[in-house]
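The values are calculated or read from the model by the stated rules, or taken from the named source; none is laboratory data. Just so it is clear, the model here is predicted, and its values are computed rather than measured. Every residue, glycine as well, gets a Cβ built from its backbone with ideal geometry; the counts of neighbours run over all protein chains shown. Accessible surface is based on the protein model in full, side chains and every heavy atom, while ligands, DNA and RNA are left aside. Shrake-Rupley method; radii C 1.70, N 1.55, O 1.52, S 1.80 Å.
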Amino acid sequence: MKATIKENRELVPRYFTMTLSEMGDDFRGEPGQFVMIRGDWGSDPLLARPLSICRFLHEDGQIRIVYRVMGRGTRRLSEMKAGQTVDINGPLGNPFPRPDESRRVLLTAGAIGAPPLIALAGSMAVSPLLIIGGRTRNDVVFISDEIRELDIETIYVTEDGSYGQKGTAVTELARHVGGNDLVYACGPNRMLAEIARLSEEIGFEAHVSFEERMACGIGVCLGCAVRHANGTYVHVCKDGPVFNVTDIDWDRL
Amino acid sequence: MKPDLSVEMFGLTFKNPVMGASGTVGYGIELAPYIDLGRIGAVVTKGISIEPRQGNAPPRLFETASGLLNSIGVQNIGAARFIAEVLPRLEKYDTRIIVNIYGESIQEYRQAAECFCGVEGVDALEVNLSCPNVDKGGLAFGTDPTLVQTVVREVKEASGKPIIAKLTPNVTDISPLARAARDGGADAVSLINTLMGMAVDIRSRGPFFGKVKAGLSGPAIKPVALRLVWEAARELDIPVIGVGGIMTGEDAVEFIMAGAGAVQVGTANFVDPAAMNAVVGGIETFMEENRIERLADIRGVIK
Ligand SMILES: Cc1cc2nc3c(=O)[nH]c(=O)nc-3n(C[C@H](O)[C@H](O)[C@H](O)COP(=O)(O)OP(=O)(O)OC[C@H]3O[C@@H](n4cnc5c(N)ncnc54)[C@H](O)[C@@H]3O)c2cc1C
Ligand SMILES: Cc1cc2nc3c(=O)[nH]c(=O)nc-3n(C[C@H](O)[C@H](O)[C@H](O)COP(=O)(O)O)c2cc1C
Ligand code: FES
C-alpha cells in the first residue's frame, strides 16, 4: 500500500515524527501493531523497516510513527519530504492485550520504545502512568508533544539526571509497581529482561513489545526468531511483537 | 494479442514462468493475503526434512549492500505435518506445488523424497543440494558430481516425481555438477542457491552469525546468478530455472534470454509481498511492447 507523507519533522536531534495520510479505509490497527515501511529508493537499503504505530488518527485516515535514526534505513526515511509516498505493509503483528482498566496500568518505555505505548495510552479511558527513561534529556523529551496532547501522567527519568528523575526506567518502575498492577513495556532487550525479573519477584503481570531484525514482517522468512520459554522458537513478527514476559527465555536471548 | 507466458516442463504446463523461491514464500499459503497465487506459475515450499527442524539460534538476518545474509537453518515442521496440515490448504490454489527437500545424508534425502511418493497435489520435488553432508564434515553435497548424481537418482527413484536439482553456486565450475544432475535423471536444474558470505561485528570482534557463514541473496547476486544460469543452459538439454536477485519483470527477462526456462523470485518477496504478481506483469508488458508472442522466441537468445 502507498501512503503519502503529510509531515516528517525532526523533534530533537535524531528523533523524527512522520504522519502518513490516505491510509485507506481498511487500515484498522490496534496499539502494539507495527508497519513495514520503505521509501522508493531503489535496492539499497533493500528491506523495509519495522516501525510501531504511535498514533491512530482515524478521523483523518492517518497514522503517525515516531522513529530514531539508527542506520541507513531510518536515515533515508528522515530525508523524505511531505508529499512523497512510502510503501506501507500493515498493520502487522499482535496488539497489546486490552488492559483491564480496573487495575492500575503502568507503561514503561526505554527511549524510542515509547511509540507503541503512546498508542496504548491513547486507547485507554483512564490515563495510565507512563515511565519513560533514557540516557539523556533528548532520549525522553522527544515524545513530550504526544504526552501533552493525550494528557498522560508521566515520570521522566534520565541516567545522567539531565531531565526528570535520575536513574533508569526500571529503577523507577520498581519504586511504583505493586503485585496487582498491569505493566506494558517496550525498550532495549536488556531493559525488558530486567522487567521480566522484576515481575517474577513482585508478581505483576507484564506484556512487552519485543524487537528483532526483520526481513519480511509477515512470517515467511523465519528470520525474526526468539527463543520461547518452552524451548521452541517463536517469530516476533507473527507471534509477537507483543509477548507476555513469561513467554520469552530471557537467559538465552 | 495477449502474449503467451505459459511454459512446458517435464510434461507439465505452468501458466507462466514465475515461481516463488524456496524459503521465501513460507509454505505458500502465507502469501495468499498479498498476492493472487493463481497468477503465478508455481510455489516452491521452504526446505522440508523428514523430521521437524528448529533452525539456527538468532541472529538470523543481516542486510548488506543490496543484499541479505541469512542463517535460518531450514526451520520446518517436517514432511508428515506438511502433508497432513499444510498441503490440503495449499492445494486449493490454482498453482503448481513444488516441494523443496532437505537432507544431511543420502539416506535422509531418500527418506524425505519417499514421504512424497504418490502424494497427489505435489507436482515435483526440488532437491536442495546446498545441504551440508554430515558424513563429509559438512561439505555441501552440491560440490561433488558423484554425490549430486547419486542424490538425484535416489530421490527420483524414491518419490516417482519429476526432480529439479537445485545447484549451489559455491563451486569453481558449474558445468560438471549440472551434467551430474542430468545424468542422475534430473528433469530440470534450478540455480542459484545463496552464495556463502559472512559478516563481522567489529564491536564484539567476532562473527555476526553463530555459524559464522551465511547465505547471500538479493539484487547483489544477480550478475553471478545470470552467468551461472547461462553456463548451465549451454551445457544442458533439460530446463534450467533461473534464481537470484530477480526484483522485476525485466530481471526475469534477462534470465530467460540467458537460457532459463522459468525463474524463481526469492528475496524480492520480503521487500514487497506482491512482488511475484509484479514480475509476471512486467514480463507480460515487456513482451507486449516488443511484440514477442511466446517466451520461446527470446529464450536462450544469448548464445
Ligand atoms: C516490531 C518493531 C517495532 C519497532 N518500532 C520502532 C519505532 O516505533 N521507532 C523506532 O525508531 N524504531 C523501531 N523499531 C526499531 C527499528 O526497526 C530499527 O531501529 C530500524 O530497523 C533500524 O534500521 P536502520 O536501517 O536505520 O539501521 P541499520 O543500518 O539496519 O542498523 C543500525 C543499528 O540498528 C540495529 N538494528 C537494526 N535493526 C534492528 C531491530 N529490528 N531491532 C533492534 N536493533 C536493530 C543494528 O544492530 C545496528 O546497530 C522497531 C522494531 C521492531 C522489530
Ligand atoms: C531466508 C531464506 C531462506 C531460504 N531457504 C531455502 C531453502 O530452504 N531451500 C533452498 O533450496 N533455498 C533456500 N533459499 C534460497 C532461495 O530459494 C534462492 O535460491 C536465493 O535466495 C537466491 O534468490 P533471491 O536472490 O531471489 O533471493 C533461501 C533464501 C533465503 C533468503
Ligand atoms: S520478519 Fe520474516 S518471519 Fe518475521
| note | FRET efficiency (B:D183, B:Q107; Cβ distance; R0 22 Å; to 0.05) is 0.55
| Any idea of A:D151's accessible area? Nearest 10 Å², probe 1.4 Å. | 120 Å²
| said: For a quick check, take a GNM of chain B with Cα springs below 10 Å and name the residue from B:G41, B:G67, B:G28 with the largest mean-square fluctuation. | reply: B:G67
| What is the Rg over Rh value, at two decimals, for region B:1-144, using alpha-carbon atoms and the Kirkwood definition of Rh? | 0.99
| remark: Note: chain A, point scatterers on Cα, Debye, no solvent; log10 I/I(0) at q = 0.11, 0.14, 0.16 Å⁻¹ equals -0.56, -0.93, -1.22
| request: Compute the accessible area per residue over region B:175-275, keeping the other protein chains in place, probe 1.4 Å, unit Å². | output: 37 Å²
| query | Chain pair A, B: how much accessible area is buried, both chains summed, with a 1.4 Å probe, in Å² to 100? | reply | 2300 Å²
| query | Please state the relative contact order of region A:105-252 as a whole percent: Cα pairs under 8 Å, 6+ residues apart? | reply | 19 percent
| said: Report the Rg/Rh value for chain B, based on alpha-carbon coordinates and the Kirkwood definition of Rh. | reply: 0.94
| Point-charge dipole on Cβ atoms (K/R +1, D/E -1) for the protein assembly as shown, about Cα centre, debye to 20 | 1040 debye
| What are the residues of region A:216-230 that lose 40 Å² or more of accessible area, with a 1.4 Å probe, going from their chain alone to all protein chains? | A:I218, A:V220, A:C221, A:L222, A:G223
| query | Taking chain A as a whole, which cysteines find no other cysteine Cβ under 4.7 angstrom from their Cβ? | reply | A:C54, A:C186, A:C224, A:C237
| note | For region B:153-240, the Cα gyration tensor yields equivalent-ellipsoid semi-axes (√(5λ), largest first, whole Å) of 31, 16, 10
| Per residue convex hull volume, Cα atoms of region A:105-252, in Å³ | 114 Å³
| task | Can you pull a Stokes-Einstein diffusion coefficient for the protein assembly as shown at 25 °C (0.890 mPa s), Rh from Kirkwood over Cα pairs, as a whole number of µm²/s? | result | 98 µm²/s
| note | Quick calc, region A:105-252, dipole around Cα centre from Cβ unit charges on Lys, Arg (+) and Asp, Glu (-), nearest 20 debye, gives 300 debye
| task | Over the alpha-carbon set of region A:150-236, divide Rg by the Kirkwood Rh and report the Rg/Rh ratio to two decimals. | result | 1.05
| request: Enter the accessible area of B:K136 (Å², nearest 10), with the probe set to 1.4 Å and all protein chains included. | output: 120 Å²
| field | Between region A:161-211 and region B:208-261, the alpha-carbon center distance in angstrom | value | 48 Å
| message | Over chain A, with the other protein chains present, what is the accessible area per residue in square angstrom, probe 1.4 angstrom? | response | 42 Å²
| request: Report A:Y163's accessible area, 1.4 Å probe, all protein chains in place, as a number in Å² to the nearest 10. | output: 80 Å²
| Considering only protein heavy atoms and a 1.4 Å probe, what is the carbon-and-sulfur percentage of the accessible area of the protein assembly as shown? | 48 percent
| In a shell of Cβ-Cβ distance under 13 Å around B:A140, excluding B:A140 itself, what net charge do Lys and Arg (+1) and Asp and Glu (-1) give? | 0
| J(HN,Hα) series, region B:70-84, from Karplus relation 6.51 cos²θ - 1.76 cosθ + 1.60, nearest Hz, glycine and proline x | 10, 9, 7, x, 6, 4, 7, 8, x, 4, 4, 5, 4, 5, 6
| Using the per-residue mean of other Cβ atoms lying within 10 Å as a proxy for protection, in what order, highest first, do the peptides B:114-122, A:44-52 fall? | A:44-52, B:114-122
| said: Pick from B:R203, B:R89, B:R60 the residue whose mean-square fluctuation is largest in a GNM of chain B, springs joining Cα atoms under 10 Å. | reply: B:R203
| said: What distance in nm separates the two pseudo spin-label positions at A:R9 and B:T13, each 7 Å out from Cα along the beta-carbon direction? | reply: 6.0 nm
| task | For chain A, set up a Gaussian network in which alpha carbons nearer than 10 Å are linked by springs, and say which option among A:F27, A:F96, A:F243 fluctuates the most. | result | A:F27
| Roughly how crowded by other chains is peptide B:217-223, in terms of the mean Cβ count from those chains within 10 Å of each of its Cβ atoms? | 2
| Taking Cα atoms, how many degrees apart are the long axis of helix A:189-202 and the longest axis of chain A, rounded to 10 and kept between 0 and 90? | 30 degrees
| request: Please name whichever of B:V253, B:V301, A:P13 sits farthest to the positive end of the charge dipole of the protein assembly as shown, dipole taken about the Cα centre and charges placed at Cβ: Lys and Arg +1, Asp and Glu -1. | output: A:P13
| region A:2-91 - Debye-derived log10 I(q)/I(0), Cα point model, q = 0.13, 0.26 Å⁻¹ | -0.37, -1.55
| Do any residues of region B:1-43 lose at least 30 Å² of accessible area when the full set of protein chains is present rather than just their chain alone, and if so which, with a 1.4 Å probe? | B:E30, B:Y34
